[in-house]
């Protein structure tokens, strides 16, 4: 049984290249094909003819794409999305009470017991003390607010 070292290296290089491509795509498809190339490298190492190496490549790739990829994808997707919203971003969408008139030159609102400098979302909007508003955005230590309907 004669082992072709060139074939083994060819399949190993193919698997590495496919693995690098997978790093840029993140689809897990190229990783599964790289697994098929690794199987073909093993087949080449034990002296299988080239046509059988191709069969191992195809069978290994298809089997891992249909059998392994869904489980890996589910495991990666179930790691959870972004964690809880923290900091000032958590205040966006919350309610505030106007303490001092808010117009295009500014004003003062209270959000969860804290006072914030505020500007209306639309420059022509005038918000009077006591009105309930919604925090649309926070820019530094200033909030942009909108009158609730």
(message) Per 0.36 nm of contour for each residue apart, how much would the distance between residue 74 and residue 52 grow if the chain were fully extended, relative to their Cα-Cα spacing?
(response) 4.7 nm
(message) Suppose we keep just the DSSP beta bridges with both residues in the chain; what percent of those would be antiparallel, to 5?
(response) 80
(message) If you split all Cα-Cα distances of segment 5-77 into 10 Å bins from zero, what percentages do you get per bin, shortest first?
(response) 24, 47, 24, 5
(request) Please work out, to two decimal places, the log10 of the ratio I(q)/I(0) at q = 0.17, 0.21, 0.23, 0.25 Å⁻¹ from a Debye calculation in which every Cα of segment 87-147 carries one identical scatterer. (result) -0.42, -0.65, -0.79, -0.94
(message) Report the Cα centroid-to-centroid distance between segment 7-27 and segment 86-101 in angstrom, as an integer.
(response) 50
(request) Could you line up 7, 78, 104 from fewest to most neighbouring Cβ atoms inside 10 Å? (result) 78, 104, 7
(request) For residue 66 and residue 131, compute 0.36 nm times the residue count separating them, minus their Cα-Cα distance, and round to one decimal in nm. (result) 17.6 nm
(request) Choose one answer from 60, 106, 35: the residue with the largest mean-square fluctuation in a GNM of the chain with alpha-carbon springs under 10 Å. (result) 106
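If you average 1/r over every pair of different alpha-carbon atoms in the chain and take one over that average, what Kirkwood value in Å do you get?
Values: mean 1/r = 0.0499 Å⁻¹.
Across the chain, the inverse of the average 1/r is 20.0 Å.
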(request) Would you mind calculating the relative contact order of the chain from Cα pairs under 8 angstrom and at least 6 residues apart, reporting the percent as a whole number? (result) 15
(request) Which order do the peptides 48-57, 19-28 take when ranked by the mean count of other beta-carbon atoms within 10 Å per residue, highest first? (result) 48-57, 19-28
(request) Report the relative contact order of segment 91-135, percent, no decimals, based on alpha-carbon pairs under 8 angstrom and at least 6 residues apart. (result) 47
(request) Relative to the longest principal axis of the C-alpha atoms of the chain, give the angle of the C-alpha long axis of helix 50-63, reported between 0 and 90° and rounded to the nearest 10°. (result) 30
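Bear in mind these aren't lab numbers, they're just calculated from the coordinates by the rules spelled out. Values in this document were obtained by computation on a predicted structure and should not be read as measured data. Reconstructed Cβ throughout: ideal geometry from the backbone, glycine too, with neighbour counts over all protein chains shown.
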